[in-house]
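Everything on this sheet refers to the single structure shown next.
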Amino acid sequence: MKPLLLVLVSLIILSCDTEGKILSDREIQLESLKKNRDLWKSQNIDHYKFNQSKICFCLFENDEFDWSIEVKKGQDAFVRYNNNLIDALPDYALSIDQLFNQIESELNRNPYPHKIVVKYNSEYGFPEMFSIDIDELIADEEYSFINSEFKIIECESKSFTGKLVLKGICMNYVIEVLDGDMDQNLIENEWTNELTNVSYDNVFALGSYCSFPENIKEGDTFQFSIETNDINQTCAVCEAYSPTPNKSLKIKVCE
């Protein structure tokens, strides 16, 4: 009996504020939200990427329930969805800041939802999981967000936005510069692929083929910086020919 009383007392203490007032679930959740949102803001993370899954009985614009989101804030702000630059995320996908707002909106819902569960990341404060059952008596209105593989993206020097426009055989890759104050003398302002007669603007050939990530596909965009140090390209690469611009750059993809 005594252990049971101790557990009950502990639960009451955990549900009280500093003045001894017993808090409601809404108040507890809102306090936790504020604490973790403040932690997230204090990190000043201006460039991050993560994978997101949404579980619900709802229709999306496509058949996918999983996607990747990349957000860069500041002067060169952009949003990338599944490695494609877009003006705004689809309605069914949420950035970290949008997810905080969504949780706050649901916590302030009247009447209060039947069940809300939020798990916050202990290091950065962002919601790793958010699940809600709005009404116990209504089916199919529950939904959940799961965020995983969160990564802060950093470049050691000035960064640019690039797009892999041609993924030729034997690492004969052509990259287009989409954004950033690039020295125009380092790239081809206009280049035509002799095999297809398709022209491209602001492109260069990949020089750092040994360190370029294998998961970047043709058409994908990414952040990169120019390697200023000499890099030994000692990996095995075949010698089959595929057209590339005359100018090449050794780059480092920001991860």
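When residue 76 is tested against (1) part of a loop (DSSP other than H, G, I, E, B); (2) touching a residue at least 24 places away in the same chain (Cβ under 8 Å); (3) loosely packed, with under 14 Cβ neighbours inside 10 Å, just one condition goes unmet, and that condition is (3).
Residues in the range 237-252: is at least one part of a loop (DSSP other than H, G, I, E, B), among the hydroxyl-bearing types (Ser, Thr, Tyr), within 29 Å of the chain's Cα centre (by Cα) and outside the structural domain of residue 69 (by TED's automatic domain parsing)? For the range 237-252, residues part of a loop (DSSP other than H, G, I, E, B), among the hydroxyl-bearing types (Ser, Thr, Tyr), within 29 Å of the chain's Cα centre (by Cα) and outside the structural domain of residue 69 (by TED's automatic domain parsing): absent.
Taken over the range 131-167, residues that are part of a loop (DSSP other than H, G, I, E, B) and of a type in the set (Gly, Ala, Ser) amount to 2.
The single condition among (1) under 22 Å from residue 42 (Cα atoms); (2) of a type outside the set (Asp, Glu); (3) more than 19 Å from the chain's Cα centre (by Cα) that residue 111 does not meet is (1). Is there a residue being surrounded by fewer than 12 Cβ atoms within 10 Å (Cβ to Cβ) and modelled with pLDDT under 95 anywhere in the range 95-108? Taking every residue of the range 95-108 in turn, none turns out to be surrounded by fewer than 12 Cβ atoms within 10 Å (Cβ to Cβ) and modelled with pLDDT under 95. Taking the criterion of being under 30 Å from residue 164 (Cα atoms) and touching a Pro at 6+ places or on another chain (Cβ under 9 Å), the residues of the range 69-113 that qualify are 81, 96. All conditions but one from (1) at pLDDT 95 or above; (2) farther than 20 Å from residue 239 by Cα apply to residue 219; the one that does not is (1). Determine, yes or no, whether residue 211 is out of contact with any Ser or Thr (no Cβ under 8 Å at 6 or more places or on another chain), crowded, with 18+ Cβ neighbours inside 10 Å and among the hydroxyl-bearing types (Ser, Thr, Tyr). Against the criterion (out of contact with any Ser or Thr (no Cβ under 8 Å at 6 or more places or on another chain), crowded, with 18+ Cβ neighbours inside 10 Å and among the hydroxyl-bearing types (Ser, Thr, Tyr)), residue 211 does not qualify. On the stretch given as the range 194-214, residues that are touching a residue at least 24 places away in the same chain (Cβ under 8 Å), of a type in the set (S, T, N, Q) and either more than 25 Å from residue 235 (Cβ to Cβ) or part of a strand (DSSP E or B) (or both) total 1. Every condition in (1) touching an Asp or Glu at 6+ places or on another chain (Cβ under 7 Å); (2) at pLDDT below 90 holds for residue 50 except the one numbered (2). A single member of 87, 66, 140 is outside the structural domain of residue 220 (by TED's automatic domain parsing), closer than 30 Å to residue 192 by Cβ and surrounded by fewer than 18 Cβ atoms within 10 Å (Cβ to Cβ), and it is 87. Pairs meeting the criteria (first residue in the range 222-241 and on the phi < 0 side of the Ramachandran plot, second residue among the basic types (Lys, Arg) and modelled with pLDDT of 90 or more, beta carbons under 7 Å, at least 6 apart or on different chains) are 227/250; 231/250.
Of all residues assigned to the range 156-177, none qualifies as being closer than 16 Å to residue 70 by Cα, outside the structural domain of residue 58 (by TED's automatic domain parsing), of a type in the set (Asp, Glu) and surrounded by 16 or more Cβ atoms within 10 Å (Cβ to Cβ).
The values are calculated or read from the model by the stated rules, or taken from the named source; none is laboratory data. Every value quoted in this text rests on a predicted model; they were computed, and no experiment measured them. Don't worry about glycine lacking a Cβ; one is built from the backbone with ideal geometry, like all the others, and counts go over all protein chains shown.
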